[in-house]
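S.K.: This is the structure I want to talk about, given as structure tokens.
The values are calculated or read from the model by the stated rules, or taken from the named source; none is laboratory data. This is a predicted model, so every value here is computed, not measured. When we count neighbours, we look across all protein chains shown, and the Cβ atoms used for this are built from the backbone with ideal geometry, even at glycine. Just so you know, the surface numbers come from the protein's heavy atoms only, side chains and all, with ligands and any DNA or RNA stripped out. Shrake-Rupley method; radii C 1.70, N 1.55, O 1.52, S 1.80 Å.
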Amino acid sequence: MHNITLITGDGIGPEVAEAARKCVDATGVQVDWDVQPAGLEVHEKSGDPLPNSVFDSIRKNRTALKAPTTTPLGSGYRSVNVRLRHELDLYVNMRPARTLPGTSGVEGVDLVVFRENSEGAYTGVEFSRGEEETRDFIGYVSEHKGFKFKDDSAFSIKSISYSGSKRIIERAFEYAVKSGRHKVTSSTKSNVMKATDGLFLKVAGEIARRYEIEHEHILADALCMLLVMKPREFDVLVMPNLYGDIVSEIAAGLTGGIGLAPGANIGDEYAVFEAIHGSAPDIAGRGIANPTALILSACLMLDHLGEHKAASDLRKAVEDVIEEGRHVTPDLKPKSKTTTDQMANAIIERI
Ligand code: NAD
């Protein structure tokens, strides 16, 4: 029996969470789900989108499946995801992108992005325009670095550490070796951000020397172009937070769209599995969200728990349903009337 926290999220979250839960149960793996709401509605009711009870549950169960949660743009509360990743030290964000037959993806793409998940440009340490501490910061930089920022500037602090880079790069190389991959590509903008990205690149070089696997470094802007032009040439990729976020969405686009792209946030103690996509407010409540990304995230979770047969049965069922194309949501087949629930049921029938 596995104890798993199910974070139902908001927007399309509850719809895809229920679909994924049903599919995991259908594999026959015994799960005691601890259902924990989080997100916009929880914030409206309690003033906190991520109550302590969610952390308590994850700390107890060590594993969670999380549906998306809304982050208000530009202002409002801090991202639920960023808080979870920081507080549980989920420093690996692993995002596989593989083209499934029957989708619009570029045939033969099969890569995995390892995105550093705990630092980089997403520290959450920010200085807003016009505040006193921002003026102090501008004064400090002017005095110590001789650089004069505009008075109406705002700042988000980017930090990259040696230890933070080492652990994510090691996990990427370990994964590449274990899963029989042939190449690791690291990516930064070390030509411009020499202190931070330069450090990440230096660590990548040090670690690469310990493994008998090809390593290359490509600047992040060039990588975006090469991914679009020659996506089949990439295998395992590792990069700082912001680049990983963007590059993994390019990879998702190449492999058939955001409704199909799974992800995992993994630390040394806890793991939270979630789709790449957000709460999709534009389609929330209509029952047409594609549940595949969260179901494939649940497959990563089953593998993580050692339930490899269940993971591969579920993955195969998803692939069969998508390839057959009769019971897929409208993002995959524009005039389709198939609902989230019907697609989940078709997958369950295949299992
Ligand atoms: P989004 O991923 O929610 O939506 C982008 C587009 O993709 C929309 O057109 C949407 O309808 C479509 N889409 C997304 N998931 C889909 C699915 N399963 N099936 C079919 N279509 C799908 O991105 P956004 O609109 O930029 O963000 C909406 C909210 O989600 C924001 O508040 C954002 O901060 C949040 N967000 C949360 C997470 C998370 O919880 N992990 C991740 C990304 C964004």
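S.K.: Among the helices (runs of 4 or more DSSP H) lying completely within segment 145-260, list those that include at least 3 residues that are more than 16 Å from the ligand (Cβ to nearest atom) and in contact with a strand residue (DSSP E or B) (Cβ under 8 Å, 6 or more places away or on another chain).
M.R.: It comes to 162-178, 196-208, 220-229.
S.K.: Here's something else I'd like to know. Applying the selection to segment 267-301, what residues are surrounded by fewer than 22 Cβ atoms within 10 Å (Cβ to Cβ) and within 11 Å of the chain's Cα centre (by Cα)?
M.R.: Within segment 267-301, just 278 meets the criteria.
S.K.: Another question, if that's okay. Please work out which residue is most open to solvent (accessible area, probe 1.4 Å), limiting yourself to segment 72-94 and to residues that are closer than 16 Å to residue 246 by Cα and more than 11 Å from the ligand (Cβ to nearest atom).
M.R.: Residue satisfying both the conditions and the ranking: 94.
S.K.: Shifting gears a bit: For segment 59-71, name all the residues that are away from the ligand (no atom under 16 Å from the Cβ), outside any strand (DSSP E or B) and open to solvent by less than 40 Å² (accessible area, probe 1.4 Å). Give the derivation first.
M.R.: Our first condition is that a residue be away from the ligand (no atom under 16 Å from the Cβ); within segment 59-71, this holds for 59-63.
Retained after the next criterion (residues that are outside any strand (DSSP E or B)): 59-62.
The one that is away from the ligand (no atom under 16 Å from the Cβ), outside any strand (DSSP E or B) and open to solvent by less than 40 Å² (accessible area, probe 1.4 Å): 61.
S.K.: Looking at segment 9-16, is at least one residue assigned by TED's automatic domain parsing to the domain that holds residue 269 and in contact with a Leu (Cβ under 6 Å, 6 or more places away or on another chain)? Walk me through it before giving the result.
M.R.: Applying the first criterion (assigned by TED's automatic domain parsing to the domain that holds residue 269) to segment 9-16 yields 9-16.
With the extra rule that they be in contact with a Leu (Cβ under 6 Å, 6 or more places away or on another chain), the set shrinks to 10, 16.
Looking through segment 9-16, at least one residue is assigned by TED's automatic domain parsing to the domain that holds residue 269 and in contact with a Leu (Cβ under 6 Å, 6 or more places away or on another chain).
S.K.: Give me the residue from segment 101-138 that is acidic (Asp, Glu) and part of a helix (DSSP H, G or I) and, out of that set, farthest from residue 169 (Cα to Cα). Don't jump to the end; show me each part of the working.
M.R.: Quick first cut of segment 101-138, residues acidic (Asp, Glu) only: 107, 110, 116, 119, 126, 131-133, 136.
Add one more test, that the residue is part of a helix (DSSP H, G or I), and what stays is 132-133, 136.
Working: 132: 38, 133: 35, 136: 36 Å.
Residue satisfying both the conditions and the ranking: 132.
S.K.: For segment 148-184, what are the residues that are among the small types (Gly, Ala, Ser) and open to solvent by 40 Å² or more (accessible area, probe 1.4 Å)? Please lay out each step first, then the result.
M.R.: Taking segment 148-184 as the starting set, the residues that turn out to be among the small types (Gly, Ala, Ser) are 153-154, 156, 159, 161, 163-165, 172, 176, 179-180.
Those that are among the small types (Gly, Ala, Ser) and open to solvent by 40 Å² or more (accessible area, probe 1.4 Å): 154, 156, 159, 163, 179, 180.
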